[in-house]
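Student: First, the structure itself, so that you have it in front of you.
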Amino acid sequence: MIPPHVALQLVASLLTGAAAVEEAPNTAIEEHVFVVSGMNCPVCPHMARHALGRLEGVEAVASSPNSQRVVVRVRAGGANGAAMMQALAGAGFRAREALSTDDGKP
């Protein structure tokens with residue numbers, strides 16, 4: 001379960017493109033941002049979070065139906081970008097890694 005303050009930071013990161021959460025010392029966390037097509041309904045972000053949350057090392061996933069962006073925080077050595085895109089494809093979405101902090105923002 002994600003603590004509420006962490007979830008709020010992740011949502012803020014999704015909307016602003018800023019770093020989501022400061023890492024604890026000695027914890028290697030990578031953040032991946034994807035531009036996702038096909039998230040057209042209120043349930044779609046939940047489906048994307050569920051698909052990504054099952055991958056090894058995924059700590060948190062933030063997505064919103066108002067944004068075509070998904071932010072994934074994963075422990076070093078966990079799932080890579082290709083595995084995350086494959087998980088999103090399996091859930092029925094087309095995804096690509098964001099090229100910049102503004103990529104995919106409305």
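The values are calculated or read from the model by the stated rules, or taken from the named source; none is laboratory data. Small disclaimer: the values here were computed from a predicted structure and weren't measured. All Cβ positions, even for glycine, are placed from backbone atoms using ideal geometry, and neighbour counts span all protein chains on display. Side chains included, ligands, DNA and RNA excluded: accessible areas come from the protein's heavy atoms. Shrake-Rupley method; radii C 1.70, N 1.55, O 1.52, S 1.80 Å.
Student: If Lys and Arg each add +1 and Asp and Glu each add -1, what is the summed charge of the other residues whose beta carbon sits under 12 Å from the beta carbon of V58?
Tutor: Summing Lys and Arg as +1 and Asp and Glu as -1 gives 0.
Student: Could you work out how much longer the chain between A28 and R75 gets when fully extended? Use 0.36 nm per residue separation minus the Cα distance between them, nm to one decimal.
Tutor: Using 0.36 nm per residue and subtracting the Cα-Cα distance, I get 16.3 nm.
Student: Which sequence of S100, S64 reflects their accessible areas, 1.4 Å probe, from the largest down?
Tutor: Result, largest first: S100, S64.
Student: With a 1.4 Å probe and every protein chain left in place, tell me how much accessible area M85 has, in Å² to the nearest 10.
Tutor: M85 exposes around 60 Å² with every protein chain in place.
Student: G90: net charge of surrounding residues, Cβ under 14 Å, Lys/Arg +1, Asp/Glu -1, itself excluded?
Tutor: +3
Student: For V35, what charge total do you get from the other residues with a beta carbon under 14 Å from its beta carbon, if Lys and Arg give +1 and Asp and Glu give -1?
Tutor: With Lys, Arg at +1 and Asp, Glu at -1, the net is +1.
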